Amino acid sequence: MSILQQNKEMLFTPEDEEDEKTFNKSLFCHTCEDELNGDKVRDHCRITDKFLGASHNECNINRNNKNF
């Protein structure tokens with residue numbers, strides 16, 4: 001749990017920025033798969049800090065493992 005509570009910088013590469021399946025071109029939430037419709041945040045793994053995909057803010061918060 002202590003690892004999940006640490007605030008570390010997300011690993012977001014230039015490839016993540018430009019790749020069709022990643023943030024800038026994402027139209028759908030990688031968590032719930034619904035359309036983003038302007039509600040887009042960067043979701044990342046709290047253990048590896050790697051970028052996972054574009055997500056709704058609420059989906060990102062709910063997937064945060066706060067109650068692990």
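The values are calculated or read from the model by the stated rules, or taken from the named source; none is laboratory data. Bear in mind the structure is a predicted one, so any value in this text is a computation, not a measurement. FYI the Cβ positions are ideal-geometry reconstructions off the backbone, even for glycines, and counts take in every protein chain you see.
Being among the charged types (D, E, K, R), modelled with pLDDT of 75 or more and surrounded by 11 or more Cβ atoms within 10 Å (Cβ to Cβ) is the filter here; which residues of segment 17-38 pass it?
Lys25, Asp34, Glu35
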Residues of segment 39-66 classified as at pLDDT below 90 and not aliphatic (A, V, I, L, M), total: 16
Filter result for Asp49 (in contact (Cβ under 8 Å) with a residue 24 or more places away in the chain and in contact with a Lys or Arg (Cβ under 8 Å, 6 or more places away or on another chain)): yes
